[in-house]
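I'd like to ask you about the structure that follows.
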Amino acid sequence: RRALASLKIQPESLQDDGFNYEGHIIRKPWGSEYLAGANSHLGVWVLRLDAQAETSFHCHTRKTTALFVTEGNVSCSTFEGAFPLAQGEMAIFGAGVFHKTMTALGAVVMEIETPANKRDLVRLSDKYGREGLGYEGL
């Protein structure tokens, strides 16, 4: 929480933009993601992480995120340390918990977020140079 407070994020930059991402593949430097389904309470995303890839070390200020590994193996990190997740395993990160997901050989992860708001994203660090930037969008 101290790291989040020190970033001086403008609250309006985290507000939901209301865009319907269904039917779109969002390209990421680590792979891609697409919205499998959503309602007013949650969004279900499928993330494809390439070999040797990692997401940014980020948090969501208002949403809870569950990661379920459907293919491959990943390692998740928080300020508390790192832990592995194998196919069929899951981790849940509460609002404000900084985390990142890494894979050596590639993986597919289902991300369930509530509430569904892609702009609720604060990047602390990123190996692809996206620190401090919001969601990429299309």
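The values are calculated or read from the model by the stated rules, or taken from the named source; none is laboratory data. Computed from a predicted model, the values in this text were never measured in an experiment. With ideal geometry, Cβ positions are generated from the backbone for all residues, glycine too; neighbour counts draw on all protein chains shown. Note: accessible area is taken over every heavy atom of the protein model, side chains too, but ligands, DNA and RNA are not part of it. Shrake-Rupley method; radii C 1.70, N 1.55, O 1.52, S 1.80 Å.
Give the range 10-26 a look and list any residue that's of a type in the set (Phe, Trp, Tyr) and at pLDDT 70 or above, or say none.
The answer is 21, and nothing else.
Next question, about the same structure. Say we look at the range 104-138 and pick out the residues that are touching a residue at least 40 places away in the same chain (Cβ under 8 Å), of a type in the set (A, V, I, L, M) and not in a strand (DSSP E or B); which of these is most open to solvent (accessible area, probe 1.4 Å)?
Within the range 104-138, the match that is most open to solvent (accessible area, probe 1.4 Å) is 105.
If residue 32 satisfies every condition in (1) assigned to a loop (DSSP other than H, G, I, E, B); (2) of a type in the set (S, T, N, Q); (3) open to solvent by less than 60 Å² (accessible area, probe 1.4 Å) but one, which is the exception?
(1)
Please go through the range 50-85 and pick out each residue that is open to solvent by less than 40 Å² (accessible area, probe 1.4 Å), over 22 Å from residue 115 (Cα atoms) and in contact (Cβ under 8 Å) with a residue 60 or more places away in the chain.
Across the range 50-85, the qualifying residue is only 54.
Keeping to the range 27-55, report how many residues are touching a Gly at 6+ places or on another chain (Cβ under 7 Å) and either over 25 Å from residue 125 (Cβ atoms) or at pLDDT below 90 (or both).
2
When the residues of the range 86-103 are narrowed to those that are part of a loop (DSSP other than H, G, I, E, B) and under 13 Å from the mean Cα position of the chain (by Cα), which ends up surrounded by the fewest Cβ atoms within 10 Å (Cβ to Cβ)?
94
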